[in-house]
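**Q** Handing you this structure, nothing more for now.
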Amino acid sequence: MNTTSLWRRCSATLALGLALSFASPAEATVAVQLSRAELVAQSDLVVRATVLGVTSRWNEDQSQIISLTTLRVSETVKGENVEAQLVLRQLGGEVDGLVSRIAGNPVFTPGQEAVFFLRRGPGVVYLTGLAQAVFYVAPPVAGVSVVHRDLSGLTFARVSSGAPMRLYEAPAEPAETLQHLRVDVRTLAGGAR
């Protein structure tokens, strides 16, 4: 190996090291973006619900902090035999001053109302696609309720056959009416409730 080649490698390594040392840590979770049709198809339930409370604790083997959010269901948009209250299980939370957060995983507070896209688990439900699965309901204006998603903390991956994976930021989405979301979900679910 000649001296010029060695010098270029050392310079490149040093430049990379300096760049990384000044970079702030990224706070994003990489996920595959789900279309509304995919969200509906992959969800066992789609419900409008209000957050009653959130508790955090260690999981069964004490390896991760989890949050259990109690939801009071006010409307079932998709699904059958839906209980009046559901318990949503998520990774992350706070126990004894130790905080664990997953970027792109919503944090809920009592009183929040949203439309949740959920998968059933043993005694609990899970979000179908992190923040993609929650449409927050804003207070009605002139009798019309509007919903929106908060996709901050998510970076999406696009995979095409034969092409390298590409990452892109979550796009800004316009708000839509709650009624439009209901009709769209029911149509995509084949009219099933």
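**Q** From PHE135, PHE108, PHE116, grab the single residue that is in contact with a helix residue (DSSP H, G or I) (Cβ under 9 Å, 6 or more places away or on another chain) and of a type in the set (Phe, Trp, Tyr).
**A** Working: PHE108 fails: in contact with a helix residue (DSSP H, G or I) (Cβ under 9 Å, 6 or more places away or on another chain); PHE116 fails: in contact with a helix residue (DSSP H, G or I) (Cβ under 9 Å, 6 or more places away or on another chain).
Exactly one residue qualifies, and that residue is PHE135.
**Q** Tally up the residues in segment 149-193 that are open to solvent by less than 80 Å² (accessible area, probe 1.4 Å), part of a strand (DSSP E or B), without any contact (Cβ under 8 Å) to a residue 40 or more places away in the chain and out of contact with any helix residue (DSSP H, G or I) (no Cβ under 9 Å at 6 or more places or on another chain), please.
**A** Number satisfying all stated conditions: 2.
**Q** Kindly indicate whether LEU71 is under 16 Å from PHE135 (Cβ atoms) and either crowded, with 18+ Cβ neighbours inside 10 Å or touching a residue at least 12 places away in the same chain (Cβ under 8 Å) (or both). Give the derivation first.
**A** Numbers: under 16 Å from PHE135 (Cβ atoms): yes; either crowded, with 18+ Cβ neighbours inside 10 Å or touching a residue at least 12 places away in the same chain (Cβ under 8 Å) (or both): yes.
Yes.
**Q** Let me spell it out: the conditions are (1) surrounded by fewer than 16 Cβ atoms within 10 Å (Cβ to Cβ); (2) of a type in the set (Val, Ile, Thr); (3) over 30 Å from ARG182 (Cβ atoms), and THR29 meets all of them except one. Which number is the exception?
**A** Checking THR29 against (1) surrounded by fewer than 16 Cβ atoms within 10 Å (Cβ to Cβ); (2) of a type in the set (Val, Ile, Thr); (3) over 30 Å from ARG182 (Cβ atoms), the one that fails is (3).
**Q** To continue, here is another question. Residue by residue through segment 102-121, note down the ones that are under 11 Å from LEU88 (Cα atoms), open to solvent by 10 Å² or more (accessible area, probe 1.4 Å) and in contact with a Leu (Cβ under 9 Å, 6 or more places away or on another chain).
**A** Within segment 102-121, PHE108, ARG119, ARG120 qualify.
**Q** Could you please find all residues in segment 28-65 being of a type in the set (A, V, I, L, M), assigned to a strand (DSSP E or B) and touching a Lys or Arg at 6+ places or on another chain (Cβ under 9 Å)? Write out each step before concluding.
**A** So the first thing to find is which residues in segment 28-65 are of a type in the set (A, V, I, L, M), and the list is 28, 30-32, 34, 37, 39-41, 45-47, 49, 51-52, 54, 65.
Imposing the further condition that a residue be assigned to a strand (DSSP E or B) reduces the set to 30-32, 45-47, 49, 51-52, 54, 65.
Result: VAL32, LEU45, VAL46, VAL47, ALA49, VAL51, LEU52, ILE65.
**Q** Hey, can you tell me all the residues within segment 113-130 that are in contact (Cβ under 8 Å) with a residue 40 or more places away in the chain, farther than 28 Å from VAL146 by Cβ and small (Gly, Ala, Ser)?
**A** Hits for segment 113-130: nothing passes.
**Q** Scan segment 94-119 residue by residue and report those that are small (Gly, Ala, Ser), in contact with a Gly (Cβ under 9 Å, 6 or more places away or on another chain) and closer than 20 Å to VAL137 by Cα. Spell out the reasoning first.
**A** From segment 94-119, those small (Gly, Ala, Ser) are 97, 100, 103-104, 111, 114; that's our starting set.
Going one step further and asking which of them are in contact with a Gly (Cβ under 9 Å, 6 or more places away or on another chain), we end up with 100, 103-104.
Scanning segment 94-119 gives a single hit, GLY104.
**Q** Further question on the same structure: Say whether the condition of being buried (at least 16 other Cβ atoms within 10 Å of the Cβ) and in contact (Cβ under 8 Å) with a residue 60 or more places away in the chain is met by at least one residue in segment 78-99.
**A** yes
**Q** Just give me the residues in segment 95-148 being of a type in the set (S, T, N, Q) and either under 24 Å from ARG186 (Cβ atoms) or part of a loop (DSSP other than H, G, I, E, B) (or both), in sequence order. Reasoning before the result, please.
**A** Applying the first criterion (of a type in the set (S, T, N, Q)) to segment 95-148 yields 100, 105, 109, 112, 128, 132, 145.
ASN105, THR109, GLN112, THR128, GLN132, SER145 - these are the residues of segment 95-148 that are of a type in the set (S, T, N, Q) and either under 24 Å from ARG186 (Cβ atoms) or part of a loop (DSSP other than H, G, I, E, B) (or both).
**Q** Considering every residue within segment 50-66, establish whether at least one is modelled with pLDDT under 95 and aliphatic (A, V, I, L, M).
**A** No: zero hits.
**Q** Collect the residues in segment 86-141 that are basic (Lys, Arg) and over 17 Å from VAL47 (Cβ atoms), keeping them in residue-number order. Before you say what the answer is, go through the steps one by one.
**A** Taking segment 86-141 as the starting set, the residues that turn out to be basic (Lys, Arg) are 89, 101, 119-120.
Matches in segment 86-141: ARG101 only.
**Q** So if I check each of ALA84, ALA133, ALA37, ALA49, which one is among the hydrophobic types (A, V, I, L, M, F, W, C) and within 12 Å of the chain's Cα centre (by Cα)?
**A** Working: ALA84 fails: within 12 Å of the chain's Cα centre (by Cα); ALA37 fails: within 12 Å of the chain's Cα centre (by Cα); ALA49 fails: within 12 Å of the chain's Cα centre (by Cα).
Within the list ALA84, ALA133, ALA37, ALA49, the selection yields ALA133.
The values are calculated or read from the model by the stated rules, or taken from the named source; none is laboratory data. Keep in mind the model is a prediction, meaning the values are calculated, not measured. Don't worry about glycine lacking a Cβ; one is built from the backbone with ideal geometry, like all the others, and counts go over all protein chains shown. Ligands, DNA and RNA are stripped out before the accessible areas are found, and what is left, the full protein with its side chains, is counted by its heavy atoms. Shrake-Rupley method; radii C 1.70, N 1.55, O 1.52, S 1.80 Å.
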